[in-house]
Amino acid sequence: MSTKKKALPMAEDDQASIADTSPSSSRNKRSELGERAAQHLIDSRRLFYFSQVAKMGSFTAAEAALDVAQSTLSRQIQQLEEELGAPLLLRASRGVTLTHAGEVLLGQAELIIREMESAREQISMTRGTTRGRVTIAAPRPFSSRYFPGVIRRFREEFPKTKLTVLEASSGHVHQYLADGAVDLAVVLHNPNSQKIATRKIIVEPLELTMRNDHPLVGEKLIDRSRLSAIPDLLLPAATHGTRFVIERYLQDGNIELDPMVRMDSVSLMRGMISQGFGCAILPAMACQEQLESGQFVAKPLRPALSRTLYMARLRERNQSPEAKAMEDIILGEVTSHENEPWMMNDE
């Protein structure tokens, strides 16, 4: 005679656990995930269309560039505005302008699109099908001096990799780096940021540069204390990377200057000096041809002044093998010129 055991009553938690495994519960979970996705995720195609229309300034230009009908672009961006609950573009007969929300989104959209491109390239690398892409920014004097050799060597090693070189003032170079618009940047001072990895590549002297008939041309050295008495001294504007170095140098000597003219263009400074107006504290690479021809003369400062250039990149950005190779190529190109007269030994 068999005895049947009574089933023990289940705790409420156990009952709930079993209930959670039911098909209807699974459907509910899936619907919750779908709802979260609808609330928090942005369609990448709409984001791309928005960024292109915003940067080109009109639906007409974007239609021509993308080969997508204006009606489609307009509908996709309207849906994006509905998703985000804010207008992104102000539409007018002559084009479009960004609202405040649009300006915020455009900056984020470009970062997202670049990361998506990077992800695709990283996956391609695992299949051995990548052609790669490297974007680098540098100040004009540096790029003019070194990049012809850098580009030649890079193309020899990576003939299938697309290379974009941005030449800009140092202020804009820093902005490109901060925005994630470039893989590498040559910067004129160490950002001292946990988000940015740097690598020292060159130390170069800054000297008082003038035309060969300037009143100070007979001086062997220029004492820092005399700079305030030079009426035609040209100084860099806020966006020029050397300004920070020069101002710190002047502050260390308790010297205050209030120049009538500031400029962020090295080429403009060269033009002013060549016309016999003014002198400026410049690196030799900024006026190499004029110094070698004897048109310009550079006088060392006392105490000596120099600046350090760094290779910089965002730590959070995945660095491709091509970008790593570009770092080495740039360093090698700079090293090949280390015996030139304006280079300093960083010992």
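Condition check ((1) of a type outside the set (A, V, I, L, M, F, W, C); (2) out of contact with any strand residue (DSSP E or B) (no Cβ under 9 Å at 6 or more places or on another chain); (3) farther than 21 Å from Pro139 by Cβ) across all residues:
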| position | (1), (2), (3) |
| --- | --- |
| Thr198 | yes, no, no |
| Pro215 | yes, yes, yes |
| Ile222 | no, no, yes |
| Ala229 | no, yes, yes |
| Gln251 | yes, yes, yes |
| Asn254 | yes, yes, yes |
| Asp258 | yes, yes, yes |
| Ser274 | yes, no, no |
If Ala304 satisfies every condition in (1) farther than 18 Å from Leu188 by Cβ; (2) exposed (fewer than 15 other Cβ atoms within 10 Å of the Cβ); (3) small (Gly, Ala, Ser) but one, which is the exception? (1)
Inter-residue pairs, beta-carbon under 9 Å, first closer than 10 Å to Ile329 by Cα and in segment 137-155, second buried (at least 18 other Cβ atoms within 10 Å of the Cβ) and of a type in the set (S, T, N, Q), 6+ apart: Val150/Ser143; Phe154/Thr161
Looking at Arg140, is it within 18 Å of the chain's Cα centre (by Cα), within 30 Å of Glu289 (Cα to Cα) and modelled with pLDDT under 90? yes
Just checking, how many residues over segment 159-194 are hydroxyl-bearing (Ser, Thr, Tyr) and surrounded by 16 or more Cβ atoms within 10 Å (Cβ to Cβ)? 4
Considering each residue of segment 182-230, count those that are over 22 Å from Leu163 (Cβ atoms) and assigned to a loop (DSSP other than H, G, I, E, B), and give that number. 19
Meets criteria (within 22 Å of Met116 (Cβ to Cβ) and at pLDDT 90 or above) for Thr72: yes
Out of Thr135, Thr97, Thr130, Thr60, which single residue is modelled with pLDDT under 85 and β-branched (Val, Ile, Thr)? Thr130
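The values are calculated or read from the model by the stated rules, or taken from the named source; none is laboratory data. These numbers were taken from a predicted model, which means no experiment stands behind them. Here the Cβ is made from the backbone with ideal geometry for all residues, glycine too, and neighbour counts use every protein chain on show.
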